[in-house]
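Every number in this text was worked out from the coordinates using simple rules, so none of it is lab data. Everything numeric here is computed off the predicted structure, so don't read it as measured data. Positions of Cβ are generated from backbone atoms using ideal geometry, with glycine treated the same way; all protein chains shown enter the neighbour counts.
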Amino acid sequence: MSNETNPHAGHRQRMRERFSADPLLTGFSEHEILEMLLYYSVPRADTNETAHSLISKYGSLDAVLSTPLSELGKCGLIGGNTARSLAFIGSVCGYLRRGLVRRYVSVNSLKDVKDHVYAAFKDERQELLLIYGVNQNKNVVFTKVLGSGNDSKILYDHDALLKEVMSVGFRDIILAHNHPFAGSSPSLQDVEATNKLMISLKDLNITLLDHLIAGDTDVYSFRENGRLFDLF
């Protein structure tokens, strides 16, 4: 098809030139950003309509990138390679959000810890269980995902969770998990699992400094609500 009959001819190059002139994306809409992300898995076809359809289905760019691979692959709008590409980008974004906690937070400020945990789980569509390792200066220096999706039920498998906690090698730890699309209040299972773990860790000279639950709008702290003992 010639340039005269193809309305999309040169469009990708123009979009790339726009990005070169606006690397902070201040003048880009969400569908245009997604359109450009799709270039890497859709080398030739027009991706503008696909980007519009994905954002229409999921509500926002963040929601698209936070959708689990298993769901993206079945949405009917993109192929398997594109679903994997978008899911990978979303996972990298989540990894970087969680890394903010590792780099900047001191556990001496509960507000800072809660703010960063909320940011780490923001718009996460699947349940995650994280462990944070805390050094002698009370700074978070290690982050690990212990479970995701159905695997996040490790919180309720005491022996498996205890093994994971021991493997990270920290004497002071924080646990955090999320309640996607729900409030932050702990369930009875959350409370029972936390109490049981805290008792077992105390026998191993490991201190559970806090267990945080991120909900849609806030973060619940077991420590703040008097449900942990011997914290410091």
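Structure values in brief
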item	result
Likely footprinting exposure, 30, 17, 35, fewest C-beta neighbours within 10 Å first	17, 30, 35
Computed [θ] at 222 nm, deg cm²/dmol, the chain (DSSP H ≥ 4; -39,500 (n - 2.57); rounded to nearest 500)	-14000 deg cm²/dmol
Angstrom value of the Kirkwood radius, inverse mean 1/r, which spans all Cα pairs in the chain	19.7 Å
For peptides 59-71, 178-190, sequence by mean Cβ density within 10 Å, most packed first	59-71, 178-190
Farthest positive-ward along the range 11-93 dipole, Cα basis, beta-carbon charges - from 38, 54, 23	38
GNM flexibility winner over the chain from 11, 211, 158 (Cα, springs under 10 Å)	11
Net charge contributed by nearby residues that have their C-beta within less than 12 Å of residue 58 (K/R +1, D/E -1)	-2
Surrounding net charge for residue 34, when Lys and Arg each add one and Asp and Glu each subtract one, Cβ distance under 12 Å	-4
All aspartates and glutamates inside 19 Å of residue 163 as judged from Cα atoms, apart from same-chain residues fewer than 8 positions distant	151, 172, 190, 192, 203, 210
When each of 114/196; 74/114; 74/196; 57/144; 122/144; 57/114 is checked by Cα-Cα distance, pairs over 28 Å	74/114; 74/196; 57/144; 57/114
About the Cα centre, charge dipole magnitude for the range 105-221 (Lys/Arg +1, Asp/Glu -1 at Cβ), debye	300 debye
